[in-house]
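I have placed the structure first, in the form of structure tokens, so that the comments after it can refer back to it.
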Amino acid sequence: MNEIATNTEIETDPAAHAEEVVRRSGSSFFWAMRRLPTEKRQAMYAIYAFCREVDDIADDPGEEETKRFQLGQWRGEVTRIFAESARLPTAKALIQPVERYNLPQQDFHAMIDGMEMDAGNSVRIANMAELELYCDRVACSVGRMSNMVFGIEKELGDKVAFSLGQALQLTNILRDVAEDAERDRLYLPQDLLIAHGIDSTNIDEVLTHPRLSDVCELLAEVAKRRFTESRELLAQCNRVQMRPAIMMMEVYDAIMKQLFVRGWKNIDIPVKLSKVKKLWVAFRYGML
């Protein structure tokens, strides 16, 4: 991956750039945000584009040192966002949302912290506390910022961000166990594996252990509880304001239900929603 572009390379409208980043990602996020009012929609696209770009750095197959350097550059760019002197298109797109919605700088840094956890050539999570920290950085931080844009009260919004962020990220982790393993990434906590008799640092041995399904089942139950909590908390919110969050919850809840149906002994069998299912969720929870 090339180093972050300088301001002499930037010849695009920041808001249009952010929207295109989201569109290209193919994420359900794009459709979840489409019906927001213009200012909120552009703010959300800018937040997601930031997350997408730092995530792409962490996922790049290049050298760890290079990735950490690029993430460090983004830290500097976050500082420039809050000084209204950003250079990159996505960072420029964030200047107005940061001011308009009082987005906290620490949540942008939390996302970068999470990407630094992913930037190593090998990823292991020591325990449940570290897994919760990882979820907070890469998922709950986005939820906290999003809820400020949506306009709900902060205390309730932070509770939604905690529960829904964990639910979504645990779903990602459980869906992608085999795929992550190909890159020597394992997000199942080591202490939980050891408690189930899986005492190995060799990822192939972990994936073929007969009790791996027990560990996945346990984490799936945690995710299931978080979905239940999220649903209860979102019921206390203005439905129109939180429609994008509800759509994301329903998409990921549907994925988790498919994972339960598939089971945990065949983690190499991919699970994803069909286009028809995604369209149904978009209509059911985004239009009604």
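Every read-out reported here was derived from the displayed coordinates using simple, explicitly stated rules and does not represent laboratory data. Computed from a prediction, not measured in an experiment: that's the story for all the values here. No Cβ is skipped: glycine too gets one built from the backbone with ideal geometry, and neighbour counts run over all protein chains shown.
Okay, here's what the table says:
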{"read-out": "Anchor K272: aspartates and glutamates whose Cα lies under 20 Å away (excluding residues fewer than 8 positions away in-chain)", "value": "D176, E179, D180, E182, E217, E221, E250, D253"}
{"read-out": "Additional length obtainable on full extension of the chain from V240 to S274, 0.36 nm per residue less Cα span", "value": "9.7 nm"}
{"read-out": "Pairs from K159/K277; K67/K92; K154/K265 whose Cα-Cα separation, in the structure shown, is over 31 Å", "value": "K154/K265"}
{"read-out": "Sequence of T66, T38, T201 once ranked by neighbouring C-beta atoms within 10 Å, starting from the fewest", "value": "T38, T201, T66"}
{"read-out": "Shape call, the chain: gyration tensor on alpha carbons, a/c limit 1.5", "value": "oblate"}
{"read-out": "Calculated from backbone phi, Karplus (6.51, -1.76, 1.60) coupling profile of the stretch 258-273 in Hz, x at Gly/Pro", "value": "5, 5, 4, 5, 5, x, 10, 9, 10, 5, 7, 7, x, 10, 7, 7"}
{"read-out": "Sorted by Cβ density within 10 Å, fewest first, the residues F260, F108", "value": "F260, F108"}
{"read-out": "Amide hydrogen neighbours beyond the local backbone of R185, cut-off 5 Å, H modeled", "value": "V123"}
{"read-out": "³J(HN,Hα) computed for each position of the stretch 228-242 - Karplus, 6.51 cos²θ - 1.76 cosθ + 1.60, integer Hz, glycine/proline x", "value": "4, 4, 4, 4, 5, 5, 5, 5, 8, 9, 5, 4, 5, 4, 9"}
{"read-out": "Under the Karplus curve 6.51 cos²θ - 1.76 cosθ + 1.60, θ = phi - 60°, whole-Hz ³J(HN,Hα) for the stretch 213-218, x wherever Gly or Pro sits", "value": "4, 5, 5, 4, 4, 4"}
{"read-out": "Computed helical MRE - 222 nm, the chain, DSSP H runs ≥ 4 contributing -39500 (n - 2.57), nearest 500", "value": "-21500 deg cm²/dmol"}
{"read-out": "Extension gain, A254 back to N102 (0.36 nm per residue minus Cα-Cα distance, nm)", "value": "51.4 nm"}
{"read-out": "Separation of the L207 and E153 label points, Cα + 7 Å toward Cβ, nm", "value": "4.7 nm"}
{"read-out": "Computed lengthening from D214 to R231, 0.36 nm per intervening residue step minus Cα-Cα distance", "value": "3.5 nm"}
{"read-out": "Exposure proxy ranking, count of Cβ atoms within 10 Å, fewest first, for K67, K224", "value": "K224, K67"}
